[in-house]
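Below is one structure; the comments refer to it alone.
The values are calculated or read from the model by the stated rules, or taken from the named source; none is laboratory data. Not measured: the values here are computed from a predicted model. Cβ sites come from the backbone with ideal geometry, for glycine too, and all protein chains shown count toward neighbours. Just the protein is used for accessible areas: all its heavy atoms, side chains included, with ligands, DNA and RNA removed. Shrake-Rupley method; radii C 1.70, N 1.55, O 1.52, S 1.80 Å.
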Amino acid sequence: MVTLVALDLDDEIQFQCFHKWNNLDRVDSAWKEAGSEEHHRQYLEERVKDPHSIPIVGYWDDAPFGYFEAFWVKEDHTSTFGETSLDYDRGYHVLIGEDDFRGFEYRHGWAVSMIHLLFLWDPRTTRLVNEPAVESPLILMSTLSGGFAVQKEFDFPHKQSAYLTISRERFLQLPLLQ
């Protein structure tokens, strides 16, 4: 069972997991945040204070497996690359730190949970955005299998991405919650 909780800066287990995960080569290649405990404490403190971002820790059967950042698209750099953003569009960034929880069978569980959470969190949110790297075909394909649709491809300074969206209406029509 997947549980998603807001990051607690006082939770040492959450912090140590975040620190460990960001120093994994495969995570650092995407997030570019490898560093010291001090660097990671500062990073998380900034995210908690940032009103447009919500840091979240994912648990699978009580085992921490990943870190997510939910954000308002209009207030994120993503908005400059996609179609016109509505005021309450949301997006999320994903870091799956534990190898045991990588792969489609796990991705489906946490992705559906995250999407559902973001639509429930604010009823004004009618669309979610995701921007996976196109050079990560497994991530891209698993995101598409979750109901997202490609709007276009674009270049961030650090990666070429696909701009993906899913509407609340589409998500609720799919048999993903069963």
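Here's a check for you: in region 75-100, which residue that is at pLDDT 70 or above and of a type in the set (A, V, I, L, M, F, W, C) is most open to solvent (accessible area, probe 1.4 Å)?
Leu86
Hey, does region 59-72 have a residue that's surrounded by fewer than 20 Cβ atoms within 10 Å (Cβ to Cβ) and closer than 15 Å to Ala162 by Cα?
No, every residue in region 59-72 fails to be surrounded by fewer than 20 Cβ atoms within 10 Å (Cβ to Cβ) and closer than 15 Å to Ala162 by Cα.
Does at least one position in region 8-28 carry a residue that is closer than 21 Å to Thr143 by Cβ, of a type in the set (Val, Ile, Thr), open to solvent by less than 70 Å² (accessible area, probe 1.4 Å) and part of a strand (DSSP E or B)?
Among the residues of region 8-28, not one is closer than 21 Å to Thr143 by Cβ, of a type in the set (Val, Ile, Thr), open to solvent by less than 70 Å² (accessible area, probe 1.4 Å) and part of a strand (DSSP E or B), which makes the answer no.
From the list Tyr67, Tyr59, which one is touching a residue at least 24 places away in the same chain (Cβ under 8 Å) and either farther than 14 Å from Ile96 by Cα or touching a Ser or Thr at 6+ places or on another chain (Cβ under 8 Å) (or both)?
Going through Tyr67, Tyr59 in turn, the sole match is Tyr59.
Given the conditions (1) farther than 27 Å from Gln151 by Cα; (2) open to solvent by less than 50 Å² (accessible area, probe 1.4 Å), report the number of the one that Glu45 does not fulfil.
Among (1) farther than 27 Å from Gln151 by Cα; (2) open to solvent by less than 50 Å² (accessible area, probe 1.4 Å), Glu45 violates only (2).
Being over 22 Å from Pro132 (Cβ atoms), assigned to a helix (DSSP H, G or I) and either over 15 Å from the mean Cα position of the chain (by Cα) or not hydrophobic (A, V, I, L, M, F, W, C) (or both), is that true of even one residue in region 73-83? Please lay out each step first, then the result.
Step one: of region 73-83, the residues over 22 Å from Pro132 (Cβ atoms) are none.
The answer is no; no qualifying residue exists.
Among the residues of region 110-128 satisfying the criterion of being of a type in the set (Val, Ile, Thr) and over 22 Å from Phe65 (Cα atoms), which is surrounded by the fewest Cβ atoms within 10 Å (Cβ to Cβ)? I'd like the intermediate steps shown before the answer.
Taking region 110-128 and keeping what is of a type in the set (Val, Ile, Thr), we get 112, 115, 125-126.
Next cut, over 22 Å from Phe65 (Cα atoms) only: 125-126.
Numbers: Thr125: 19, Thr126: 15.
Taking the candidates together, the pick is Thr126.
Go through the residues of region 31-40 one by one and say whether even a single one is loosely packed, with under 13 Cβ neighbours inside 10 Å and under 18 Å from the mean Cα position of the chain (by Cα).
yes
When residues of region 129-170 are filtered for being among the hydrophobic types (A, V, I, L, M, F, W, C), open to solvent by 20 Å² or more (accessible area, probe 1.4 Å) and part of a loop (DSSP other than H, G, I, E, B), how many remain?
First, the residues of region 129-170 that are among the hydrophobic types (A, V, I, L, M, F, W, C): 129, 133-134, 138-141, 144, 148-150, 154, 156, 162, 164, 166.
Checking the rest, the ones that are also open to solvent by 20 Å² or more (accessible area, probe 1.4 Å) come to 134, 138-141, 144, 149-150.
This time we only want the ones that are part of a loop (DSSP other than H, G, I, E, B), so: 134.
So the answer is 1.
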